[in-house]
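The structure appears below as structure tokens.
The values are calculated or read from the model by the stated rules, or taken from the named source; none is laboratory data. Every value quoted in this text rests on a predicted model; they were computed, and no experiment measured them. Positions of Cβ are generated from backbone atoms using ideal geometry, with glycine treated the same way; all protein chains shown enter the neighbour counts.
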Amino acid sequence: MRQDDWSDSKAFRPDGYEQEILEYGEFEQQKIYFNFPAGKTACPLVIWLHGGGLTMDTRSYPRDLWNGEYAGAEVRYRISNGTFNALDSLADAAKAVALILKKLPSLKVDPENVFLGGMSAGAYLSAMVGMNPALLAEHGEDNRKLKGLFIISGQMTTHFRLKQDLHYRETDCEPVIDKYAPLFYANRKFPPVLFVTGESGRDMPSRPEENAFMAAVLRSLGHPCVQYFSLPGHDHGAVFSSCDHLIMRFIEDLRNGVLHG
């Protein structure tokens, strides 16, 4: 998985985009990096949360999404580093996404086509924000404003770093399903969702199985649009390199009213 420094954010994006940076808190990490295709309006908006185990403050954004048609909002958030903890990461994710939703009328995007997703730790945060309605409701927003979620190799049980920060007795791989687990909020009412993981035994331990189980539970509950892909031969980092096409197809299907479940 390619990781980039936030200080190089303008050099990272290709030509043809205009960048705006919005601060949503007093700390250095609390920033949203908007990138809008120059000269275009009513673009789909992809809100993206980076990976890094909730301990790395680096950028990771799928390169194929720089297609000149989508706007992007990369959310930078506080990480678990001794000063802050994983709950701060989750709080920042919810606050930032809510702020973006509030600002939709003033952004050069299509408010009916706003997507939320991320990789690894960012996928976990995206799942929590997109699936637990209380996190956005606390800021006066509604997760049903999101057109769809893409969860790229995210943990569906309580995140291992959060368990460490809160001093759970469980080890990293011992599953917990409590209020900090996306599985706790499984229901048929949140937006369409795409799950992508690597191959079992190559991705992080139990990550493909957790996502497959979540997808199966959602289908059994009658969720209208759940897709799950396990990519053969892919480890955790390789999933990020290969997820672009699936994300783009998911976005375009939903924009065209096509639901796959």
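Descriptive notes on the structure:
- Selected residue (criterion: farthest from the chain's Cα centre (by Cα)) from residues of segment 183-235 that are of a type in the set (A, V, I, L, M) and surrounded by fewer than 18 Cβ atoms within 10 Å (Cβ to Cβ): LEU221
- Test: residue in segment 69-81 that is in contact (Cβ under 8 Å) with a residue 40 or more places away in the chain, assigned to a helix (DSSP H, G or I) and buried (at least 16 other Cβ atoms within 10 Å of the Cβ): no
- Residue in segment 143-160 that is basic (Lys, Arg) and touching a Phe, Trp or Tyr at 6+ places or on another chain (Cβ under 6 Å) present: yes
- Tally, over segment 121-180, of residues that are loosely packed, with under 13 Cβ neighbours inside 10 Å and touching a Gly at 6+ places or on another chain (Cβ under 7 Å): 0
- Taking helices (runs of 4 or more DSSP H) as the structural unit, those lying wholly within segment 191-261 and holding at least 2 residues that are of a type in the set (D, E, K, R) and free of Cβ contacts under 8 Å to residues at least 40 places away in the same chain correspond to 244-255.
- Evaluation of ALA238 against (1) closer than 18 Å to GLY122 by Cβ; (2) touching a Phe, Trp or Tyr at 6+ places or on another chain (Cβ under 8 Å); (3) surrounded by fewer than 19 Cβ atoms within 10 Å (Cβ to Cβ) (one fails), failing number: (2)
- HIS167 in contact with a strand residue (DSSP E or B) (Cβ under 9 Å, 6 or more places away or on another chain) and either more than 25 Å from TYR70 (Cβ to Cβ) or at pLDDT 95 or above (or both): no
- Enumeration of residues in segment 31-54 that are under 16 Å from the mean Cα position of the chain (by Cα) and in a loop (DSSP other than H, G, I, E, B): HIS50, GLY51, GLY52, GLY53, LEU54
- Taking segment 104-179 as the region of interest, the helices (runs of 4 or more DSSP H) fully inside it that hold 1 or more residues being over 16 Å from the mean Cα position of the chain (by Cα) and either charged (D, E, K, R) or closer than 24 Å to GLU18 by Cα (or both) are 160-165.
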